[in-house]
1. If you average the C-alpha positions of segment 138-191 and of segment 40-107 separately, how far apart do those two centres end up, in angstrom?
2. Calculate the FRET efficiency for Trp80 and Leu47 from the Cβ-Cβ distance with a Förster distance of 35 Å, rounded to the nearest 0.05.
3. Under a Cβ-Cβ cut-off of 14 Å, what is the net charge of the residues other than Gln98 that fall near it, where Lys and Arg count +1 and Asp and Glu count -1?
4. Just add up the charged neighbours of Tyr141: K/R +1, D/E -1, any other residue whose Cβ is under 10 Å from the Cβ of Tyr141.
5. Given a cut-off of 27 Å, name the pairs among Lys81/Lys108; Lys101/Lys154; Lys109/Lys170; Lys74/Lys119; Lys109/Lys175 whose C-alpha atoms lie farther apart than that in the structure shown.
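The numbers here are math on the coordinates, done by the rules we state, and not lab data. Worth saying up front: this structure is predicted, and the values here are computed from it rather than measured. Cβ placement follows ideal geometry from the backbone for every residue including glycine, while neighbour counts extend to all protein chains displayed.
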Amino acid sequence: MIATPISLSDSREIQYQLPSTTSLLFSPKECLNRRVANCYFLMISILSMTPISPVNPVTNVVPLTLVLLVSLIKEAFEDWKRFQNDMVVNNTLIDVLQDEKWVAVPWKKLQVGDIVRVKQDGFFPADLLFLASTNADGVCYIETANLDGETNLKIRKALERTWDYLTPEKAAEFKGEVQCEQPNNSLYTFTGNLIFQKANVASLSKPNSF
């Protein structure tokens, strides 16, 4: 199966990153996540340091500090695990067409406009336009459980005029431009046009993309 990222106007590399926190925002974020309880105990700790307080400030400051320290360590560990997961995903290999041959490159090196080959039971490294399939009728079956939780297979069909772009030599001849809608949160709709050789125009819809 051959596919190509759909936004050809952008040449940036594609990398995946789960939400995380920078070191500069780490402590403020942790405090804000539990702002009601933390603000209460912080105010109590500040008041305990004044001359009017009947208690030793240590009895309030130490527990608050320990709670925040444990929470910060927990958040740091979770951020580290997310970073490791990002590295695993970004270094997953995918076949990319280069000089009329398939070359395995990590996902993070994939650029918009590359023609890629996704094998059976493989994962998609980006939003893709479906060009061709080894099935005679130009269809493939995909699962979108990672996106919407649905495990039933969905049918995708390539445009008939791109069915023969199966071999590296033939795929290297593909020249086209994709004009499509701006990125959005819709998983079930897609609208665009595929322009061949700056002349022939083919309409694209959701069944032609991933």
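1. Distance between centres, Cα-based: 38 Å.
2. Values: r = 36 Å, r/R0 = 1.04.
Efficiency, from the Cβ-Cβ distance: 0.45.
3. Working: positive: Lys101, Lys109, Arg117; negative: Asp95, Asp99, Glu100, Asp114, Glu169.
With Lys, Arg at +1 and Asp, Glu at -1, the neighbours total -2.
4. On the way: positive: Lys154, Arg156; negative: Glu143.
The answer is +1.
5. Correct reply: Lys101/Lys154; Lys74/Lys119.
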